[in-house]
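Chemist: Pasting a structure here, questions to come.
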Amino acid sequence: MGFAPLRTLQDNLLLTALVSCAFDAMGDSNLSSGQNSSCTNLYDHRNTAGVLMPLHYCIVFTVGLLGNALALHVIRPNLRKMNSTTLYSTNLAVSDILFTLSLPLRILYYAMGFNWPMGETLCKVTGLIFYINTYAGVNFMTCLSVDRFIAVVLPLRFSRFRKVQNVKYICVVVWLLVLAQTLPLLSMPMTNKEANGYITCMEYPNFEKVPNLPIMLIGAVFMGYGIPVVTILVCYSVLCRKLYLAAKSNHLTGKSGRNKKAIGVICCVTLVFVVCFSPYHIDLLQYMIRKLIYSPDCAELHSFQVSLHFTVCLMNFNTCLDPFIYFFACKGYKRKIMKLLKRQVSMSFSSVVRTSPEACSRDVVEGTEIPLHNSRNTT
């Protein structure tokens, strides 16, 4: 009984120490979070990015807008003859055109050194269009892959999923899914005023204050990228094996138009996923996992910010690569491109001939002189 006060004192000291440790841990966490929010080196690459990123997005704007507008121009007269592949390609083209129309504001933002003077609303609109294009592109390319898989591997059993009326419903579901993935962004602040007076728009540090951000983004990566890429790999693995066995048993089957079309779509979709979508999602995933384990310092956050800008540029380049998918997926698009190329070559050749009148007249004179000279020799 005599040791009870001593034990009580020891228990109180232990409890105090535990509470102190807990507050120290919370303080360290808040300190590291505050440290990340007060990092001053996150946009040190603005001078380089202010030249390279606008140049990149000008190319994306020009090529993406022309290529996808041409696709809609080719598809529009044949709306009544539209099939499942053309319908998915049309939705992909609409998404890309919507994205390219928002690019001039982003080009201005990057050219001004990550400064957005156009307000929170416009920032949210461009951010929403950016993410809609990203995940609409992923989902419609997945639909194209499944469509090719059904056309080659299971043409009879699941042919109803390739009927135009059913494909229209699938496209509506895809757009609703994309909106469900992206509309929550409207509830988050997308702009942030930096210490130097610059206002950033749709940059990762602006979202760091969102609760449970790493878990949310890891879930978004698995839902928006992981499931589609696994679906595409499974479809294409089975499809390639089917094509290989068919070509091995019958050489004429290997040379058929349907097989060439399937191989073209496979190569283009795989290229777009590897080059455009994979680097961004892998980069995002590895940093979010690190944030769950420990709190990265300013140097790590800056490195991630630079890599994020680079991988986002790669991801948006898919707008330029999507027309190559239409080239193999849509017969009308391929035919139109070939006609335009032939016309351009013939116009270039004729312009070269027209712009050299001296050479032409010299040839004519020499052509008239030669017969006269020959006639004198013969007489």
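The values are calculated or read from the model by the stated rules, or taken from the named source; none is laboratory data. Small disclaimer: the values here were computed from a predicted structure and weren't measured. Quick reminder, even Gly has a Cβ in these numbers, built from the backbone with ideal geometry, and neighbours come from all protein chains shown.
Chemist: Which residue, of Arg7, Arg80, is loosely packed, with under 10 Cβ neighbours inside 10 Å, modelled with pLDDT under 70 and part of a helix (DSSP H, G or I)?
Modeler: Being loosely packed, with under 10 Cβ neighbours inside 10 Å, modelled with pLDDT under 70 and part of a helix (DSSP H, G or I) holds for just one of Arg7, Arg80, which is Arg7.
Chemist: Tell me, yes or no, whether region 86-104 has at least one residue that is in contact with a helix residue (DSSP H, G or I) (Cβ under 6 Å, 6 or more places away or on another chain) and assigned to a loop (DSSP other than H, G, I, E, B).
Modeler: Yes, there is a match, as at least one residue in region 86-104 is in contact with a helix residue (DSSP H, G or I) (Cβ under 6 Å, 6 or more places away or on another chain) and assigned to a loop (DSSP other than H, G, I, E, B).
Chemist: Which residues, counting only those in region 22-47, are within 17 Å of Phe304 (Cβ to Cβ) and modelled with pLDDT of 55 or more?
Modeler: Across region 22-47, the qualifying residues are Ser37, Ser38, Cys39, Thr40, Asn41, Leu42, Tyr43, Asp44, His45, Arg46.
Chemist: Same structure again: Being under 27 Å from Glu194 (Cα atoms), in contact (Cβ under 8 Å) with a residue 24 or more places away in the chain and under 18 Å from the mean Cα position of the chain (by Cα): is that true of Arg46 here?
Modeler: No: the conditions fail for Arg46.
Chemist: Of all residues in region 171-195, which are more than 21 Å from Ile129 (Cα to Cα), in contact (Cβ under 8 Å) with a residue 24 or more places away in the chain and not small (Gly, Ala, Ser)?
Modeler: If the condition is that a residue be more than 21 Å from Ile129 (Cα to Cα), in contact (Cβ under 8 Å) with a residue 24 or more places away in the chain and not small (Gly, Ala, Ser), then Glu194 is the only one that fits.
Chemist: With Ile59, Ile132 as the choices, which residue is more than 24 Å from Thr231 (Cβ to Cβ) and assigned to a helix (DSSP H, G or I)?
Modeler: Ile59
Chemist: Scan region 136-158 and tell me whether some residue there is within 19 Å of Cys58 (Cβ to Cβ), surrounded by 21 or more Cβ atoms within 10 Å (Cβ to Cβ) and not hydrophobic (A, V, I, L, M, F, W, C).
Modeler: No; the residues of region 136-158 include none that is within 19 Å of Cys58 (Cβ to Cβ), surrounded by 21 or more Cβ atoms within 10 Å (Cβ to Cβ) and not hydrophobic (A, V, I, L, M, F, W, C).
Chemist: Condition first: in a helix (DSSP H, G or I), within 19 Å of the chain's Cα centre (by Cα) and surrounded by 18 or more Cβ atoms within 10 Å (Cβ to Cβ). Can you find one or more residues in region 70-77 that meet it?
Modeler: Looking through region 70-77, at least one residue is in a helix (DSSP H, G or I), within 19 Å of the chain's Cα centre (by Cα) and surrounded by 18 or more Cβ atoms within 10 Å (Cβ to Cβ).
Chemist: Ok, one more. Looking only at residues that are closer than 9 Å to Cys201 by Cα and of a type outside the set (A, V, I, L, M, F, W, C) in region 120-129, which one is surrounded by the most Cβ atoms within 10 Å (Cβ to Cβ)?
Modeler: Filtering first and then ranking leaves Gly127.
Chemist: Here are the criteria: (1) crowded, with 17+ Cβ neighbours inside 10 Å; (2) part of a helix (DSSP H, G or I). Tell me which single one Pro296 does not satisfy.
Modeler: Only one criterion is unmet by Pro296, namely (2).
Chemist: If you don't mind, another one. Going by the structure shown, is Arg106 of a type in the set (Lys, Arg) and closer than 24 Å to Thr270 by Cβ?
Modeler: For Arg106, the condition - of a type in the set (Lys, Arg) and closer than 24 Å to Thr270 by Cβ - is not met.
Chemist: Are there any pairs with C-beta distances below 6 angstrom linking a residue in region 87-103 that is under 14 Å from Thr134 (Cβ atoms) and at pLDDT below 90 to a residue that is buried (at least 24 other Cβ atoms within 10 Å of the Cβ) and among the aliphatic types (A, V, I, L, M), with the two at least 6 apart or on different chains, and if so which?
Modeler: Close Cβ pairs (under 6 Å, with a partner that is buried (at least 24 other Cβ atoms within 10 Å of the Cβ) and among the aliphatic types (A, V, I, L, M)) do not exist here.
Chemist: Restricting the search to region 200-234, which residues are among the acidic types (Asp, Glu) and touching a strand residue (DSSP E or B) at 6+ places or on another chain (Cβ under 8 Å)?
Modeler: Result: Glu203, single match.
Chemist: Can you tell me which residues in region 224-238 are within 24 Å of Met188 (Cβ to Cβ) and modelled with pLDDT under 90?
Modeler: Selection gives Gly224 alone.
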